[in-house]
1. Working out 0.36 nm times the residue gap between LEU101 and ALA499, then minus their Cα-Cα distance, what length gain in nm do you get to one decimal?
2. Rounded to the nearest 0.05, what FRET efficiency do ASP514 and GLU32 give with R0 = 41 Å and r taken as the Cβ-Cβ distance? Could you check?
3. Based on the mean of other beta carbon atoms within 10 Å per residue, what is the order of 196-202, 211-217, most packed first?
4. Would you mind calculating the gained length between TRP50 and ARG258 on full extension (0.36 nm times residue separation, minus the Cα-Cα distance), in nm to one decimal?
5. Local charge sum around MET136 (other residues, Cβ-Cβ under 14 Å, Lys/Arg +1, Asp/Glu -1)?
6. Packing-wise, with mean Cβ within 10 Å as the measure, how do 137-147, 118-128, 69-79 rank, highest first?
7. Separation between the LEU205 and PHE232 pseudo-spin-labels, each 7 Å from Cα along Cα→Cβ, expressed in nm?
8. Working out 0.36 nm times the residue gap between PHE135 and VAL391, then minus their Cα-Cα distance, what length gain in nm do you get to one decimal?
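Where a number appears in this text, it was derived from the coordinates with a stated rule and is not lab data. Predicted model only: the values in this text are computed from it and were never measured. Counting neighbours? That spans all protein chains shown, and the Cβs are built from the backbone with ideal geometry, glycine included.
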Amino acid sequence: MFFKRCYSQRKMNEEVDVQSDLAVETKVKEKENVDLEDALDLAGHGKYQWFHSSLMLFTLLAAVLEMGGIAFVMPAATCDLQIPDNLKGILTSIPNIGVILTATLWGRAADTLGRKPVLIISSAMSGLLGLAAAFMPTLLGFALLKLAGSLFLSSPSSLSFAYACEIMPMKYRDITVLISNGLVMVLSTVIPAFAWLILPYSWRLEIGTLVFRPWRLLTVVYVMPLIIAAVFMLGMQESPKFLATRGKWQESLAVLRRVYAFNTGLAPEEYQVKSLKSSSDTVSEGSSDSNGELAPGPRKLTAMAMLKPPHVKWLALTSFLMFGIMSVLSGLFLFAPDILNRTLFGSEDEVGTVCVVLNPNGNSTDTGACVDDISHEAFQIMVISTLIFGVIVMAASMMPLSKKVVLVAMFVIVGAACLVSVLTTNMILAAVTMSCLQLLSLGIGPVMAYVVRFFPTSLRGTAVGAVLMFGRLGSAVGANVAGLLLAAACTATFYGFTALLFLCAALSFLLPGDNSRDEDSSSQL
């Protein structure tokens, strides 16, 4: 009887212990007042992030196609649109001009209205206006529609970086930007590849008074990805970090639940997090009530906050670095195909440096006949060199190197290559070093990763847009400077770009290392 009573008591104690363990386990599973970064970790890094990042990569590539493709469209459209030589540089810069004019506006719109709606509207409008430009019979109509489309191009070309990162757990953000940048570089091979596939043919299709030739089809091919990206974006989730900065905690939590369900295949209700904790990044934007609506609070951060410490120094530094990258990449390198074609396949009698070959005794070659053909050799050079250096950029992006080390090394290597290309009389070496200018694409990812790191969510879209605006300003300045001075002062032009690259290398030493946390407190959300 005694043993039976002891056994019964022991059984009851075990049941109590089991119930206690279940209660503790339930408390572990259901987490209250969780920091958003921890909540993102608990949502997992899986299928949704892969799909989301792939779409952002496709959107970035779509913007690159539209911005870089015009360099191949313009020469092929010379006769049909009667493009004078002195306007080719300006027309090629149209996409960059539109981005310069609207970058900060779209960035602030993304910080106010949300990442998703701004990306959808801007991508769709840029694509539709670019599509309409393909059917314009005159240069004026084509240029105006291209300019109008470029006014919407800033968002898909820059905001995609921030949108991709904000759905990621913190430990994956830098690598997401770096890999995306490397993949864009590799995939940008399709720009000359599409031109190579379409432009060599001489077919003509008459649509009323409009003659539809291969360059018009190429224009359509370059803009369609923007429209496709806008359609697919309709099914994406808004950034939970943006929603949190607006005080919409319940909506942010709902997004995280859907991400968790997509990643795990479980019901959204199985997500452990039951409520989110306010962080310092949203205190300045007003608190929220239990329903997730904004409650009265202090004034939210404005774009002017970027012009105050500690943000202003990082804005100035990253903007200048992006200016240097894009001024050479979209400036001097824009003329690389023509330079390589003329130096490698020019007259046997032309011996000397690149500048001597480009300007032997003046350039009066006007025969009166309109020529809009591009040699197969130029396409081959661009496709092969873009692919090779794209793979190099991708490989470097995957290596466990500090962003600071990558930037310094890249600027030094490309600066040295630029200097060698203007000094050597070996045309093969000149071709290799000129192609090496593409390595500057490696720097876009680290600079954008620094911007994402330095600025809080409430300013991130604006900051990304502002930095990319300075980059596009560099593109426009570099393209026009190179276009005007390569004929008048070729050697000085190369020296000027070389000096700019070495200056950027020196300024890159001012950036913090990857392990530094001194500046991370301002961008925790």
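1. Details: separation 398, 0.36 × 398 = 143.28 nm, distance 2.74 nm.
The LEU101-ALA499 span can extend by a further 140.5 nm.
2. Values: r = 33 Å, r/R0 = 0.81.
Between ASP514 and GLU32 the formula returns 0.80.
3. On the way: 196-202: 15.0, 211-217: 18.4.
Per-residue mean Cβ counts within 10 Å order the peptides as 211-217, 196-202.
4. Numbers: separation 208, 0.36 × 208 = 74.88 nm, distance 1.45 nm.
Full-extension gain reported as 73.4 nm.
5. Working: positive: LYS146, ARG213, ARG216; negative: ASP80.
Cβ neighbours under 14 Å give a net charge of +2.
6. Values: 137-147: 17.0, 118-128: 22.8, 69-79: 21.3.
My ranking of the peptides, most packed first, is 118-128, 69-79, 137-147.
7. Result for the modelled spin labels: 2.5 nm.
8. Numbers: separation 256, 0.36 × 256 = 92.16 nm, distance 3.57 nm.
Additional length available on full extension: 88.6 nm.
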